[in-house]
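The values are calculated or read from the model by the stated rules, or taken from the named source; none is laboratory data. Here the structure is a predicted model, which means the values were calculated and not measured. Note: ideal-geometry Cβ built from the backbone for every residue, glycine included; neighbour counts use all protein chains shown.
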Amino acid sequence: MKEKGIKVIKEKCVGCGACIKACPFGAVTLESKIAVIDLDKCTLCGACKEACPFGAIVIYKPQGVKTDVSGYKNVWVFIEREEQKIASVSFELLGKARVLAGDLKSKVVAVFLGSDIKKDTQELIYKGADEVILVEKKELGHFIAENYANTIVRLIQKYKPEIVLAGATTTGRSLVSRIAVKIRTGLTADCTGLDIDKEKKLLIQTRPAFGGNIMAQIITPNYRPQMATVRHKVMKELPPDKNREGKVIEEVLDGKIIDDRIEFVKFIKEESYKVNLADADIIVSGGRGLGEPKNFSLIRELAAALDAAVGASRAAVDAGWIPYSHQVGQTGRTVAPKIYIACGISGQIQHLVGMQSSKIIVAINKDPDAPIFKIANYGIVGDLFKVIPLLVEKLKSK
Amino acid sequence: MNIVVCIKQVPETTEVKINPETNTLIREGVSSIINPFDMYAIEEAVRLKEKYSGKTTVITMGPPQADDALREALSLGIDEAIHLTDRAFAGSDTWATSLVLAKAIEKIKDVDMVLCGKQASDGDTAQVGPGIATHLGWPQATYVRKIDEVDFDNNSVVCERLLEEGYEVLKLSFPCLITVVKEINEPRMPSLRGKMRAKKQNIPAWGIKELGLKDEDAGLSGSPTQVVKIFSPPPRRMGMIIEGTPPEAVDKLFSELKKHLT
């Protein structure tokens, strides 16, 4: 039987157990003070190798098919539209792309698809693009992953970009997975860090896994373009510079790019209250501590006073107090706002993995032992029915 | 209707505790479960079969122990299971994983619909579903919260996708791939009969040869991405507990928050 590409060098292993703690899959055990790797559990992720202080674990990485990666240049950003405006994540990516392009001495190119959107190209240049590749077609007016992927695959084949970035949104994720498979190249989801290894000219992509409890650095050495998605609010948007000049390249693609097997029927906006959790700077979330559905109005009042989005724990959603689209956590959405205010949420691990990357976490809970306090920057142990109205009043009188 | 559900076995995080000193997960003795989102895909497949008749098949790519996940799916009402297992699959990234799953779906033949969870709880990429659809050359609908109607005359299905600011209604032709969110249904509990059947059922294992792939197509060598380093993120430091009566505490919190509100 063929061996997997991982081995413990018995002479170097001292049985310290560092690898056992590092393994996310419970694949390492000690037998007679030597690390033994259960190959049925091991995924070759390399966490043990990284953790071993003695260099006792080796992973044989087979040489994949080498493709010619020369001749690829420039950093592309897929520009996403939300209804009629450009999504903020696209501007954030243009900001990051400027830094990467600076390191690579190449250009930032915005890839902009839609119908009647030419008027918005200038703003892309003001906020970091050197060039805008514009594809205007009536059929591209509404996002359909297949049609957008067909279009961008054609553009990538023509222009050969070195890097392609997109937002880790429902749109971005649905789109770029299709592109990466068609082009046969690597794609890394939800990056929180993007850097250039200047020597090797490689994009170093850093991303959280296991709900943010482990970070991984990923590269795409042998294929181009190097593709990555990035969440909202991770990168910084540049202030508009009205002196920046750039070029707009209008592409008219011939041939079939529209897939008639998918038909867009309609879009229904959730009007009741602000629900775009991914895009929100501030999120106020409510949980079981609210006691009953009508008390969710407290959360909405606080959210309104802060111009924040409304989130909820699974307990509140399962109880039917608020729709699922507001759920934060493992089976809901993952968010990372500037400020996250958890009210009456105890902080089960499934909730924490969905919000622990928030910059500032505020917890209001009457149980001093609630796990949420362990990760909160500011905690108030108290009755939320007293605390929240006071806070709303304070904010309103500001 | 011939439906394939793709599932993944993941570590059960509910049993995981956080080490208070390092704020990292304590993983010793962690058991495995079916990825939570895949439970909704399984349930939806069973419901569609109950409504329209046909056959449901569950597949997973994973080590021998993933057999448990397949048997659990069978106990929930899925008709058949196939285990894609081979050492050559180890270390596959989303590109290689979606290729292996797509090849299995092709081998199953005459599949009308593939259902997946929107993403796995360990990797969180949401890339495998669309990847499978693309390898197969099929249309897709991701983040689906409702499958409205199946129109066999027109060979199509209408579904609702949950987006950031609302939802979208799409009509797809068969064969197609759909990834689902939690809102789509409430999974049932396994029945005793289902459990008995699942225990006894024969689950064929397909390796790289059965799928007509070469060793270099999957695993580390078939994966365009490479993990170069894994590390723990800097631990989140415990912050301050604001003491005092509610009005005092709110005053203090307000002045702290003001620093962060621009």
Within the stretch A:131-150, the count of residues that are away from chain B (no Cβ under 14 Å), surrounded by 18 or more Cβ atoms within 10 Å (Cβ to Cβ), out of contact with any Asp or Glu (no Cβ under 7 Å at 6 or more places or on another chain) and in contact (Cβ under 8 Å) with a residue 40 or more places away in the chain comes to 2
All-but-one check, A:ARG154 against (1) closer than 27 Å to B:SER232 by Cβ; (2) at pLDDT 95 or above; (3) basic (Lys, Arg), failing number (1)
Could you list, in sequence order, the residues of the stretch A:175-208 that are in contact with a Gly (Cβ under 6 Å, 6 or more places away or on another chain) and at the interface with another protein chain (Cβ under 8 Å from one of its Cβ atoms)? A:SER177, A:VAL181
In the stretch B:45-68, anything small (Gly, Ala, Ser) and either more than 16 Å from the chain's Cα centre (by Cα) or within 14 Å of another protein chain (Cβ to nearest Cβ) (or both) is listed as B:SER53, B:GLY54, B:GLY62, B:ALA66
So which strands (runs of 3 or more DSSP E) are wholly in the stretch B:153-235 and hold at least 1 residues that are farther than 20 Å from B:ALA102 by Cβ and aliphatic (A, V, I, L, M)? B:156-163, B:166-173, B:226-231
Answer with yes or no whether A:ASP241 is more than 13 Å from chain B (Cβ to nearest Cβ) and touching a Phe, Trp or Tyr at 6+ places or on another chain (Cβ under 8 Å). yes
Scanning the stretch A:88-106 residue by residue, those under 13 Å from A:THR169 (Cβ atoms) and either surrounded by 22 or more Cβ atoms within 10 Å (Cβ to Cβ) or free of Cβ contacts under 8 Å to residues at least 24 places away in the same chain (or both) turn out to be A:VAL89, A:SER90, A:GLU92, A:LEU93
Do any strands (runs of 3 or more DSSP E) lying entirely in the stretch A:24-115 carry at least 1 residues that are more than 30 Å from A:GLU251 (Cβ to Cβ), and which ones are they? A:28-31, A:34-37, A:57-59
Here's a check for you: in the stretch A:336-386, which residue that is without any contact (Cβ under 8 Å) to a residue 24 or more places away in the chain and more than 29 Å from the chain's Cα centre (by Cα) is farthest from A:LEU298 (Cα to Cα)? A:ASP369
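Yes or no, residue by residue, for (1) in a loop (DSSP other than H, G, I, E, B); (2) under 29 Å from A:VAL230 (Cβ atoms); (3) at pLDDT 90 or above:
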position: A:VAL248; (1), (2), (3): no, yes, yes
position: A:ASP254; (1), (2), (3): yes, no, no
position: A:ASP260; (1), (2), (3): yes, no, yes
position: A:LYS266; (1), (2), (3): no, no, yes
position: A:TYR273; (1), (2), (3): yes, yes, no
position: A:ILE283; (1), (2), (3): no, yes, yes
position: A:LYS294; (1), (2), (3): no, no, yes
position: A:ARG300; (1), (2), (3): no, no, yes
position: A:GLY320; (1), (2), (3): yes, no, no
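Considering A:GLY128, A:GLY172, which residue is more than 8 Å from chain B (Cβ to nearest Cβ), touching a Ser or Thr at 6+ places or on another chain (Cβ under 9 Å) and in contact (Cβ under 8 Å) with a residue 12 or more places away in the chain? Step through it out loud before you land on a result.
Values: A:GLY128 fails: touching a Ser or Thr at 6+ places or on another chain (Cβ under 9 Å).
After applying the criteria, what remains is A:GLY172.
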